[in-house]
Every structure is written in C-alpha cells, then in structure tokens.
Amino acid sequence: MAVYTDVSDEELVTFVSGYDIGEVLALKGIAEGVENSNYLLHTRTGHYILTLYEKRVDPGDLPFFLGLMRHLAARGLSCPQPVANRDGETLGQLAGRPAAIISFLDGMWVRRPQRAHCAALGTTLAEFHLAGADFAIRRPNALSVESWRPLLELSLDQADTIGEGLGEELVREVEYMEANWPGELPSGVIHADLFPDNVFFIGEKLSGLIDFYFACNDALAYDVAICLNAWCFEPDMAFNVTKARALLNGYRSVRGFTQAEFDSLPLLARGAALRFLLTRLHDWLRVPEGALVTPKDPREYLKKLRFHQSVETAADYGLTA
C-alpha cells in the first residue's frame with residue numbers, strides 16, 4: 001500500500017455519496033506498500049479501505065482482483081470484500097483513477113512472525129489454493145520468469161550503485177533462471193505477494209488475507225516459495241528452518257506436495273528471491289517525487305537469493321519427502 005494520488009475533500013464526498021455507507025468522518029493515507037494509493041476511510045457506518053488503482057495496474061485486471069475476493073469469501077476464506085455502490089458496481093472513478101471501497105478486516109500483521117504464525121499461514125495458503133481452483137477468470141503472472149530480463153534491463157545501468165558488480169551478477173542469475181525454470185507443475189490461482197503485512201492475526205489466530213493485486217495463475221508451489229522468502233528469514237538474514245518446516249507442514253496438512261513440487265522448491269525459492277530483488281531494485285531507483293511511499297531495500301533479497309543458491313534439496317527447508 002502507498003499514496004501516490006491525493007484526493008480532495010469535494011471529490012471524496014461526491015464519490016462516497018454513491019454508496020450506502022454514511023457520510024465521511026475521516027480519511028488517512030496508508031504509507032506501506034508500493035503499488036496503489038490506499039486510504040483508511042472512516043464513515044458513519046464504520047471503517048473501510050479506499051483504493052485508487054495507479055497506472056501500473058491494468059484496469060482490465062480489476063474484475064479478476066475484485067471478483068477473486070468475492071469468490072474466496074463465498075468459499076469460506078476470510079478476506080476483504082469490495083463494497084457495491086447504489087448502482088451495484090464495485091468499481092468507480094475518483095481523482096482520475098479507477099477506485100473501489102473495500103471492507104475493513106479486523107486483525108494486525110505481525111512484525112516478527114513466530115512458528116505458530118508460519119504454521120497458520122501454511123494452512124491458510126493451501127486453503128486459498130483449493131478455494132481458488134474453480135475461479136473462472138484467468139490472469140497470467142505478469143512478473144514470472146519471462147519478465148525478469150526486461151525488468152532488469154530497466155535498472156541495469158544503475159544496479160552497481162546498490163552493490164559493486166550487482167548488474168553482472170543479476171544478468172547471470174536471469175540467464176540461469178531462463179534456462180532452468182520448471183514447467184508443468186500443478187497450477188492455479190496464487191496470491192503472489194503474501195508478505196506478513198498482507199496477513200492479519202488476532203493473537204496467534206489468522207484472521208484473514210488482504211491485498212490481492214498481484215494475484216494471478218501460476219504454479220502453486222511458487223506461492224509457497226514466495227512465503228518461505230517473506231516469513232522464514234530472521235532480521236540478520238539467517239534462514240529459520242523451524243519456521244519453514246512449520247509453514248510447509250501446515251500447507252501439506254491441507255494440500256500435499258507432488259514429487260515435482262518437492263524437487264523444484266529450491267529453484268522456485270531462488271526465483272522468488274530474484275523476482276522481488278528485481279522489482280525492489282526498480283522501485284528503489286524510481287520513487288515518484290512527492291509520493292507518500294516507503295521503498296523497500298533490494299539488498300534484503302540479494303542476501304536471500306544468495307542463500308537459496310546454496311540450497312540443494314527441499315529437505316534443507318525442513319520438508320521431508
């Protein structure tokens with residue numbers, strides 16, 4: 001989440017008047033994240049999230065994102081819901097951007113996930129994958145391996161400002177991934193951005209998932225690999241195999257891994273680290289002037305990438321065959 005687009009009081013009041021949610025009491029920008037402009041909206045009927053979809057989001061993808069949230073909730077998964085206006089529409093226009101009002105989800109994200117949080121995440125991620133199996137709309141992963149070379153080329157001339165020799169190292173890594181990326185793995189709808197700040201807890205109980213704006217169709221185990229990167233490293237970048245084992249066992253208590261997924265997990269985790277390194281590098285070098293956004297340091301994922309380069313089998317992550 002972030003704020004790139006300002007909303008005037010007049011525009012806000014006019015927009016909200018089209019909904020049966022009461023008059024506006026307060027609006028506060030949310031600085032976390034990088035993709036869209038997000039506000040905490042307080043009206044007479046409660047709290048909501050107001051999202052303005054920025055230029056990086058294809059408006060043609062919005063029915064997928066909004067429809068997926070409704071689909072998952074209908075199958076018992078806890079996630080926010082788009083609010084329909086008086087015309088029955090969940091998408092409108094505000095400040096020159098496509099915009100939606102989303103229901104508020106109770107809970108807090110955990111800054112230092114523990115074993116129990118990782119286990120709950122694994123279970124819920126598998127439930128998410130099963131719940132999305134019959135979602136009719138498809139969306140290819142625009143940030144899969146085919147996109148990594150063009151993405152790197154946008155930042156290659158400045159990559160060495162982050163670390164000496166980084167550009168050459170990333171070129172080699174992209175080449176390796178293009179030559180070795182696994183195919184024919186079980187696929188379906190994945191979240192693709194399930195970082196701790198997109199998972200809410202009340203105590204140790206997972207209360208819901210948020211922020212589905214990278215969701216797409218891809219290998220299910222790739223989603224697991226993204227979570228290993230996001231949840232199982234300590235602040236000093238040491239990999240915590242206890243947390244990883246809890247996450248993986250929580251997942252397979254609901255949906256088992258195939259042999260191909262087991263064999264591919266180290267490469268998927270390595271690729272996931274590269275994907276977030278490349279997008280963070282791009283964003284780190286291009287923060288829009290005046291935007292209320294906190295860019296994330298790409299060097300975190302460089303360290304994670306180098307760890308995964310040393311991994312030989314999924315057993316190194318705590319997953320037994």
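The values are calculated or read from the model by the stated rules, or taken from the named source; none is laboratory data. Just so it is clear, the model here is predicted, and its values are computed rather than measured. Here the Cβ is made from the backbone with ideal geometry for all residues, glycine too, and neighbour counts use every protein chain on show.
With respect to the conditions (1) on the phi < 0 side of the Ramachandran plot; (2) touching a helix residue (DSSP H, G or I) at 6+ places or on another chain (Cβ under 6 Å); (3) part of a loop (DSSP other than H, G, I, E, B), Ala269 falls short on a single one, namely (3). Here the condition is being exposed (fewer than 15 other Cβ atoms within 10 Å of the Cβ), farther than 30 Å from Ala246 by Cα, at pLDDT 95 or above and of a type in the set (A, V, I, L, M); of Ala74, Ala136, it holds for Ala136 alone. Say whether the condition of being assigned to a helix (DSSP H, G or I), farther than 16 Å from Ile202 by Cβ and at pLDDT 95 or above is met by at least one residue in the range 97-118. Yes, the range 97-118 has at least one match. Taken together, Ala192, Ala133, Ala179, Ala159 contain a single residue that is touching a helix residue (DSSP H, G or I) at 6+ places or on another chain (Cβ under 9 Å), assigned by TED's automatic domain parsing to the domain that holds Leu277 and on the phi < 0 side of the Ramachandran plot, which is Ala159.
Taking the criterion of being at positive phi and touching an Asp or Glu at 6+ places or on another chain (Cβ under 9 Å), the only residue of the range 51-92 that qualifies is Gly76.
Scanning the range 155-192 for residues that are of a type in the set (Ser, Thr, Tyr) and either farther than 17 Å from Leu305 by Cα or touching a residue at least 12 places away in the same chain (Cβ under 8 Å) (or both) yields Ser155, Thr161, Ser187.
Scanning the range 36-63 for residues that are surrounded by 20 or more Cβ atoms within 10 Å (Cβ to Cβ) and either assigned by TED's automatic domain parsing to the domain that holds Asp134 or not aliphatic (A, V, I, L, M) (or both) gives Asn36, Ser37, Asn38, Tyr39, Tyr48, Thr51, Tyr53. Within the range 174-185, one or more residues are modelled with pLDDT under 95 and surrounded by fewer than 17 Cβ atoms within 10 Å (Cβ to Cβ).
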